[in-house]
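**Student:** First, the structure itself, so that you have it in front of you.
Please treat every number below as a calculation from the coordinates, not as lab data. Please read these numbers as outputs of a predicted model, since none were measured by experiment. Note that each Cβ is placed from the backbone with ideal geometry, even for glycine, and that neighbours are counted across all protein chains shown.
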Amino acid sequence: MIAPAPRALWRQAVDAAVIVALGTLVTLTFGPVFGGFRYLIAGLGGTALGVGVAIATTRGPLRGWLMTVAGVMLVYVVFGCALAVPSQTIWGFVPTAGGLQELLLGTVFSWKGLLTAEPPAEGFPSLLVVPFLTLLVSTAAGAALALGPRRVAPFGIAPPALALAVAISFGTADEPYSLLTGVGFGLVALGWLSWRAHERRAGRRADARVGTYLEKTESGGRRRIFEAVAMLAVAGVAGTAVGHFATPDVRQVLRDDVQPPISLADYPSPLSGFRQWHKTYTDESLVTVSGMPEDARLRLATLDTYTGQVMGFASESDESGSGAFALVGEEIHSEQSGEAVDVDVRIDAYQGIWTPTVGYSTSIDFEGDRAPGLQSQLHYNGNTGTAVTMPGLQPGDEYSLSASVPRAPQIEQLRGAAVSEIALPQPASVPAQLQSWVQTHGTTQTSTLDNILHMQQQLQGGAFSHGLESDPLPSLAGHSVYRIADMVAEENMIGDDEQYAVVFALALRTLGVPARVVMGMYPDGGFTSSSVSLTGSDVHAWVEVPFEGHGWVPFDATPPEDNTEINLDPPPKPQPQPRVLQPPQPPNPPQDEAPDAAFDDGDAVEDDAEELTGWMLWLSIGALALGVLLLLASPFIVIALLKRRRRKRRMRAPDMRDRLSGGWHELVDTAVDFGAVVPAGATRREVASELHERYPQSDVLQMGDIVDRGVFDADEPDQADVRAFWEDVAKTAGGMHASSSRRERLRAALSLQSFRLRARERRSRG
């Protein structure tokens, strides 16, 4: 037997180049979620290494799938740090113990990290493992298949296609080049598959020498090439047009359905510990900042949900999303406009997860020994401009941030501007006393802005007190519904930023004006110097209201701190209102809460149950659909398995004569399934003659003689000769497939004629 000639090197080079091209397109698909250029190094490096491993393990002494797997693991460890974790290397390419640890852990944890990270994700430690590992494995598997035997080569497209699906699923809804990469991938894949199919048909003609049917198609070779090119062009144009007009308004990706790693609705509201900062750190420096604009404010937390006990954060399912924080890297994507500033922050006595920011951050870069841990656990909410780092800030920590700070408009600039319609969670409870107060002071003006300013003026006429021992007026802490009801029921209000900000926000919400409370720090005179130390007395709370064209505008409702007398210019008494019964006092009035005090999210269990029900429903539908498909396909699967089992039984017969005759039976059965007629009781030579008439250029006559000699010869056939005979059987059967149409091949695969033939033979012998 003559072994088939190896494929030309230029053909193998084309196969490898196609896999490289597909890997490049997959790499580009990761671009929007990563940004920058490092993902290109990781993805293209993984592509080159994967194809290199495949080339090395599909020839010579290293040939075999086990060697391919071993090669992928080796290059992943050797080159992974330099390409996927460059920050954990020496000189940019020498791996370190920490880098290897991050690389290996990244194979498991980087996938979820990428889904929960806020794009651009380039600055995240170990997230580049996703494109590097995806391209390394997919191109190694794809190239190994493409460079392997002809029958498996077309499957080389499958691994890169799966990698493209991964890149799309782990990407973003905003993909500017999706049409280009998708159409390009399809054209390259279809073109290569057509070329390999043509090459495979030519190879079968040469191997099986059953070319009577195929020779008729030789003259149409050029015509088929022209038709293939035309088909690819039409497919590209049609795909582009359909993709342009049929693209959904919102692209769905996995990150849309994956919950962020933390939800601040499960954490205590920092406003509940507002007075602790004034009580404990009145004259002690909390943070030192430099580079702040004069009228800017340092933001700690943005709160828009009132539970009746505290002003806190919405859950991630609410439209406002004030409690949904996403993992971010050194760079933060922001679409907010404003003055670009660079601010340096040093933590003095301040402690907590709330990271002081200004405006809308575009980057936060930690420094010092704790920088890696703080940076890797930095979370940001782009809707509110708030950041948290889960290890928590400690004295001595430092970081620099770049931000876009919107300039606060003057009141005159707001006249004529409409209040933006932004959906915020409805308060769980609003005291009747506050609703009555709003009816008196919030509905008497001609415009929404005038009502806002009038209520602000009324609140600023109240008395100020932190309730400390040094304050002349007593004032309870907290901002529960009972504390707010008591405050507005008095003729003169008494409180500090905590109470006045909550009263103002709830009053505005009663009028349908979206308002949120912000807690932060700023000096009373503004940031007048390059470096400012902020103490506990500089901790404030204020209210923000959104206006069209201006964004969220701050309003201060707290009276001046020197308003410490309850009879300071009292506002005019309102018109008598119907008496409203005050709600009963709680059994345990709320006490001062520590900054880290927690509160319950009563909807968490219900949300989890709804989510579980949804997943179970989709899983049930998927399982039902899969079961129906398997049921419909079961007859075809059974026939294919029976033929496979019969072929293996013949190939593995213990006696070499039986194994040789089994090969002949396999060839005859293949021909019968393709429609050949074998007379009952015919000898092997007669059967060979019938098959030769159907396939005149085949070697079926010689093969019949070989079987006769092997079966009736005194010496048992050699095992190597039997193996070579089975290879000839496979080639001749392949020629039968190649000389048949698709319909004939499908009919042969499902035919039971060969089983009926063997059943007749068994009955005749019996």
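**Student:** Take the Cα pairs of the range 653-765, get the Kirkwood Rh, then feed it into Stokes-Einstein at 20 °C and 1.002 mPa s and tell me D in µm²/s.
**Tutor:** Rounded, D is 147 µm²/s.
**Student:** Related question: Over the range 653-765, what relative contact order in percent results from Cα pairs under 8 Å that are six or more residues apart?
**Tutor:** Computed value for the range 653-765: 42 percent relative contact order.
**Student:** Residues with beta-carbon under 11 Å from that of Ala676, excluding Ala676: net charge, scoring Lys, Arg +1 and Asp, Glu -1?
**Tutor:** Details: positive: Arg694; negative: Asp669, Asp673, Glu690, Glu693.
Every neighbour counted, the sum reads -3.
**Student:** What percent do you get for the relative contact order of the range 300-441 when only Cα pairs under 8 Å and 6+ apart count?
**Tutor:** After rounding, I find 32 percent.
**Student:** Please order Leu145, Leu459, Leu66 by the number of other Cβ within 10 Å, starting at the fewest.
**Tutor:** Leu66, Leu145, Leu459
**Student:** Further question on the same structure: Report the relative contact order of the range 407-492, percent, no decimals, based on alpha-carbon pairs under 8 angstrom and at least 6 residues apart.
**Tutor:** 30
**Student:** A follow-up question, please. Quick query: amide H of Val553 versus all other amide H atoms, modeled in the peptide plane; which residues come in under 5 Å with a sequence gap of 5 or more or a different chain?
**Tutor:** Distant-sequence amide H within range of Val553: Val545, Phe547.
**Student:** I'd like the Karplus ³J(HN,Hα) series for the range 331-336: coefficients 6.51, -1.76, 1.60, θ = phi - 60°, whole numbers in Hz, and an x wherever there's a Gly or Pro.
**Tutor:** For the range 331-336, the Karplus curve yields 9, 10, 6, 9, 9, 7 Hz.
**Student:** For His540, which sequence-distant residues (separation of 5 or more, or a different chain) have an amide H within less than 5 Å of its own amide H, given hydrogens modelled in the peptide plane?
**Tutor:** Answer set, sorted by chain and number: Gly520, Met521, Tyr522.
**Student:** On to the next question. How big is the charge dipole of the range 653-765 about its Cα centre, in debye rounded to the nearest 20, if each Lys and Arg gets +1 on its Cβ and each Asp and Glu gets -1 on its Cβ?
**Tutor:** Working: 18 positive and 20 negative charges, 170 e Å.
The calculation lands at about 820 debye.
**Student:** Kindly put Ser334, Ser126 in sequence by how many other C-beta atoms sit within 10 Å of each C-beta, fewest to most.
**Tutor:** Least to most surrounded, the residues fall as Ser334, Ser126.
**Student:** Can you put Ser290, Ser322, Ser764 in order of Cβ neighbours within 10 angstrom, beginning with the fewest? Can you show the working numbers first?
**Tutor:** On the way: Ser290 15, Ser322 26, Ser764 9.
By the 10 Å Cβ count, ascending, the order reads Ser764, Ser290, Ser322.
**Student:** Based on the mean of other Cβ atoms within 10 Å per residue, sort peptides 514-523, 127-136, 82-91, 731-740 so the most packed one is first.
**Tutor:** Numbers: 514-523: 22.8, 127-136: 29.2, 82-91: 18.5, 731-740: 21.1.
The densest-packed peptide leads the list: 127-136, 514-523, 731-740, 82-91.
**Student:** Related question: Residue by residue through the range 737-754, what is 3J(HN,Hα) from phi via Karplus (6.51 cos²θ - 1.76 cosθ + 1.60, θ = phi - 60°)? Round to whole Hz and write x for glycine and proline.
**Tutor:** 4, 5, 8, 10, 6, 4, 5, 5, 5, 5, 5, 5, 5, 9, 6, 10, 4, 5
**Student:** While we're here: Name the long-range amide H neighbours of Arg516: under 5 Å, sequence gap of 5 or more, or other chain; modelled H, no Pro or chain starts.
**Tutor:** Sorted by chain and number, the residues that satisfy this are Glu544.
**Student:** Separate question: Taking the Cα centre of each part, how many Å lie between the range 181-201 and the range 430-478?
**Tutor:** Here the two parts' Cα centres lie 72 Å apart.
**Student:** Now a separate question. Using the Karplus curve 6.51 cos²θ - 1.76 cosθ + 1.60 with θ = phi - 60°, what ³J(HN,Hα) values do you get for each residue of the range 59-76, in whole Hz, with x for Gly and Pro?
**Tutor:** 8, x, x, 8, 5, x, 5, 4, 5, 5, 4, 4, x, 4, 5, 5, 5, 4
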